[in-house]
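So the structure is just underneath, and the comments pick up after that.
Just so it is clear, none of the values below were taken in a lab; they were calculated from the coordinates. Note that the structure is a prediction, hence the values are computed from the model and not measured. Neighbour counts are summed over all protein chains in view; Cβ atoms, including those assigned to glycine, are modelled from backbone coordinates with ideal geometry.
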Ligand code: DAU
């Protein structure tokens, strides 16, 4: 099968492209990516020139480009999105364009050419989850940030195409994902790279917000299974059972790096900050036999170790000509020191 992977030069997308090429020797991948700030050609290093892989630079909201690519592929997996909640609070319009208009443009081509599409979504579409509860697939979508609302909008458009046109769409709703090549604006890679350069870790509010943590390779495996075996029109939660308050994650991260807890600085909370996400992922386990292969400790350790050994990758972003330093200063009110990694006690 030939798969069009949109957003394939991004974080989870590039992990997915690697997985398909490694696990399905008869498959081919066409990666479509705009290479906006978080999509990077360096994320495809080692696979970009694989004879079964082709890279195309472009926008999922470009109807003509998308139509041609969908026509020549058997299925589409859409990772392309604006993904960072804090940026969505600064510029919601960009999120509607990528996460709603972009999805609709893909759906239109998928409908016209009668292909299958997998929409990669998020547990954030369910909104804040009370302690003791777990979101299950038929639950209402109650997003609370512009990012989550745009992702929910994309999902609702998928639903409309399933119902109105019988388009073959499946949806995955993933929890917080970490691993290699995540842009260092997200909490874990930001805090690892700040710790490695002896800079403060800005914890929002009391740091007791709860997230469930999954490794990108486990997330990519779930997406692949749903693409090949998921029931048309269905959504699948992809959780890990690794619920942790942020402060526990931060302490474990600092301990792994041998850095002091005095690097933690509590800063004003994210507006509308969701207190807890928690998924019931029994459906994908029962129906498709998926489960994560790593526990929390290994997920976090593997992630941190990747950043320790790949300081060139994240150093280029922090020193680079894209907007990371500008964003950082706007978001935190701090200047980003761009010195390289200092000596660490990383195991
Ligand atoms: O749950 C899935 C979602 O996980 C994905 O759909 C999103 O694309 C992804 O960005 C992530 O959303 P979060 O907002 O949970 O991830 P983030 O890494 O930004 O934040 C994780 C937690 O850490 C959250 O409670 C906010 C907190 N945080 C984050 C940053 C960037 C801080 O305390 N300080 C920070 O500087």
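Below are the figures for this structure:
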item: Centroid-to-centroid separation of region 281-304 and region 168-183 [C-alpha atoms, Å]; result: 12 Å
item: Choice from 157, 117, 104 showing the highest fluctuation, given a GNM over the chain with Cα pairs closer than 10 Å; result: 157
item: Acute angle (nearest 10 degrees) that the helix 11-23 long axis makes with the longest principal axis of the chain, alpha-carbon atoms; result: 60 degrees
item: Cα pair distances of region 100-181 binned at 10 Å [whole percent]; result: 17, 46, 29, 8, 0
item: Label-to-label distance, nm, for residues given as residue 310 and residue 273 (7 Å Cα→Cβ offset); result: 2.8 nm
item: Intensity falloff of region 231-315 expressed as log10 I(q)/I(0), Debye formula with alpha-carbon point scatterers, at q = 0.16, 0.23 Å⁻¹; result: -0.90, -1.18
item: Cβ-based exposure ranking for 151, 186, in which fewest neighbours within 10 Å come first; result: 186, 151
item: Folded to 0 to 90 degrees: helix 102-113 orientation relative to the chain principal axis, Cα; result: 30 degrees
item: Percent of beta bridges antiparallel (DSSP, the chain, rounded to nearest 5); result: 5 percent
item: More than 33 Å apart - percent of Cα-Cα pairs taken over the chain; result: 23 percent
item: Rounded tilt (10° steps) of 146-165 against the dominant C-alpha axis of the chain; result: 10 degrees
item: Rg/Rg_ref, region 136-178, where Rg_ref = 2.2 N^0.38 Å and atoms are Cα; result: 1.26
item: Whole-angstrom gap from region 46-99 to region 220-248, using each part's C-alpha centre; result: 20 Å
item: P(r), alpha carbons of region 1-72 - 10 Å bins starting at zero, rounded %; result: 21, 56, 22, 0
item: Neighbour-count order for 313, 290, fewest beta carbons within 10 angstrom listed first; result: 313, 290
item: Whole-number Å³ per residue for the convex hull built on Cα positions in region 195-347; result: 148 Å³
item: GNM result for the chain, Cα springs below 10 Å: residue of 126, 37, 147 fluctuating most strongly; result: 37
item: Most mobile of 143, 180, 260 in a GNM of the chain (Cα contacts under 10 Å); result: 260
item: Global form of region 1-130, assessed from the alpha-carbon gyration tensor, a/c cut-off 1.5; result: prolate
item: Stokes-Einstein D in µm²/s, Kirkwood radius over Cα pairs - region 272-332 at 20 °C with 1.002 mPa s viscosity; result: 138 µm²/s
item: Viscosity 1.306 mPa s, 10 °C: Kirkwood-radius Stokes-Einstein D of region 51-190 over Cα pairs, µm²/s; result: 99 µm²/s
item: Proxy reagent accessibility, fewest Cβ within 10 Å first, across 55, 11; result: 55, 11
